[in-house]
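Below is one structure, written out as structure tokens; the observations come after it.
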Amino acid sequence: SHPLLCPSGIKCGGVLSAPSGNFSSPNFPGLYPYETECTWLIVVAEGSSVLLSFSHFELEYHDSCAYDYLQVYNGAARDRGNLLGTFCGHSPPPPFSSAWHVMAVVFRSDRHVAKHGFAAAYRKGTREAWWSLSIPPPVLSHCSHHPCLLADACGGQLTGLSGEITSPRYPESYPNDAECRWSIGGAGGGGPLTLVFADFQMEGGQGCGFDYVALFDGPTVTAPGLGRYCGSARPPRTVSSSPHLLIIFKSDFNIGGRGFKAHFYSAGECQEVFTTIKGNFSSPQYPNFYPNNLKCQWSIQLPPGYRVKVFFLDMELEGRSSLTGGCDYDHLSAFDGGSEGGALLGRWCGRESLAPVTSRSNRLLLVLHTDRNTARRGFSISYVGVVPMNVSCTRTDFHIQIPVQSLAQLERNRIYLGTPSCAAQVVGRNFKIHTRFDTCGTESQRRNNTSVIVSTLYIDFSVGDQEDIHQYEVQCEPKRKEASVTLIAGPDPSRLSQAENLVDAQKWEGEAIDAREIKSQDTSDIVFISICILAGLLMVIAVVGLVLL
């Protein structure tokens, strides 16, 4: 052990590299000093795990351990994605087994109230089942502030938002006569749990009577069964109906296999579907560090004709690989459509300022992958549905139409151009606005040395006292008779500051305009041309008359 000098001048912490050992808080069993911070880094042989237990524990109590506390990390300290738990008070932490050969313990005290502290022992272990140890399976009932993750341990209660579990010795062959139980949930999360098997190879057999994995929809074997699996076929994705899931792994006296690796996550934090026209979401625990071993999905599903525009308000993930330069570790991906089989719209990592992304369809899927170490703050995202509309113009008029089914919950007077007096009319299956350039708040501007006609289309989604008015800038270049529309304000104008030309009238995918509508739109041009021809004829007649006289 190599003790370090902590800020208060007390020697504590250090690197513990012996196969086994003991350590304790400064002055133990006396009162620990104020304003002390100690870090012990336990390092054993590679391929082994660290087994940690506490024989005494007494720290100042706080319901979120904000004053004096002890933290245990599954790896190097300060990597918050590997935090196993934060502890204080009089209840000792449970026994821990690290997922690899490094574990860190951090002790901190503030400037008020000192207690007797703690005493701990560690030893090198193999990555086998808890049943092979002299300590009981962990029951993580003392995690008060941060999730407890016991990835790669055989059995225990897992209370984190997400995690990874494996059979003993995975990916080597699992031992015979093993029985492990993982009880997932019970830490206050209210959503269902999803379990996904990434790898599965066990002894097969009719009815899975030899080696098997059994799943239960609750915390005990009395809960309804969700399946019993063996052989080499991966079990299907399993979703519980409650915030609890029990997994039992059992092997008999002979014939084994590689075993399994599975990920679990809480649907409330990590698997969400949005169907509202606007929304916000963020990575688990944002702005605190996200957990490791995550695969989270956020699916945005809007009515037909809509497109989804996503704004990245903040993003900080693990950086790019120094070898490949790619996002090989933690990354966020966006897919057009409702599955990962859709077109990839982008894949991001690190700390970047990203431009908005717009889907080509009415569905967009965002997927967050995190690996087993190095966590960051995560991300915060806002999205808004881009209303499907067709905007066209002549030399004198705007023509706007929006499918009624896209705004079925709105009255026509909630859709207007410039002022509420220029509200839409319902014609067939469309909301329509047909107005001349000299009305409805329309104004002439010069942009890029070109004269354009500009107005603002308002779509009012407000409910009660909650104002929610989306604004689109409608623009026409009369000489070319070309129109465009741009989202300029959505649910939060300060967030949606970057305007983007979202709908090109020539590429609108909505309902086609019928021939009669096209004819009516060109009426003003026909009248204009007719007047010009008539004026020319009158001038010719006048000239001929003067000559004859």
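The values are calculated or read from the model by the stated rules, or taken from the named source; none is laboratory data. Note that this is a predicted model, so its numbers are computed, not measured. Counting neighbours? That spans all protein chains shown, and the Cβs are built from the backbone with ideal geometry, glycine included. Accessible surface is based on the protein model in full, side chains and every heavy atom, while ligands, DNA and RNA are left aside. Shrake-Rupley method; radii C 1.70, N 1.55, O 1.52, S 1.80 Å.
Some notes on this structure:
- Protection proxy ranking for 443-450, 193-200, using the average of other Cβ atoms within 10 Å per residue and placing the highest first: 193-200, 443-450.
- Centroid-to-centroid, using Cα positions, the stretch 37-103 and the stretch 255-288 are 25 Å apart.
- Convex hull volume per residue in cubic angstrom - Cα atoms of the stretch 13-125: 87 Å³
- For the stretch 154-266, the C-alpha radius of gyration divided by 2.2 N^0.38 Å, with N the number of residues, is 0.99.
- Charge sum, other residues only, whose C-beta stays under 12 Å from Leu302's C-beta, Lys/Arg counted +1 and Asp/Glu -1: +4
- Average accessible area per residue (Å²) across the stretch 271-386 - probe 1.4 Å, nucleic acids and ligands excluded: 39 Å²
- For Phe118, nonlocal amide neighbours, meaning residues 5 or more places apart or on other chains whose placed amide H falls under 5 Å from its own, are Ser25, Glu58.
- Accessible solvent surface per residue of the stretch 26-94, calculated while the other protein chains remain in place, 1.4 angstrom probe, Å²: 39 Å²
- Counted charge near Cys88, where neighbours are those whose Cβ lies closer than 12 Å (Asp, Glu -1; Lys, Arg +1): -3
- 3J(HN,Hα) along the stretch 35-49, derived from phi through the Karplus expression 6.51 cos²θ - 1.76 cosθ + 1.60 where θ = phi - 60°, amounts to 6, 10, 9, 10, 10, 9, 10, 9, 10, 10, 4, 4, x, 9, 10 Hz, with x in place of Gly and Pro.
- Reduced Cα scattering model of the stretch 271-386, Debye log10 I(q)/I(0), q = 0.13, 0.21, 0.23 Å⁻¹: -0.46, -1.15, -1.34
- Options Leu302, Leu345, His331, ranked by Cα towards positive dipole end of the stretch 271-386, top entry (Cβ charges): Leu302
- Within-9-Å neighbourhood charge of Ser251 [Cβ basis; K, R +1; D, E -1]: -4
- Phi angles across the stretch 98-115 convert, under the Karplus curve 6.51 cos²θ - 1.76 cosθ + 1.60 with θ = phi - 60°, into 3J(HN,Hα) values of 6, 7, 9, 8, 10, 9, 10, 10, 10, 10, 9, 10, 9, 8, 9, 6, 10, 10 Hz, Gly and Pro given as x.
- Surface composition of the stretch 248-356: carbon and sulfur make up 49 percent of the accessible area, probe 1.4 Å.
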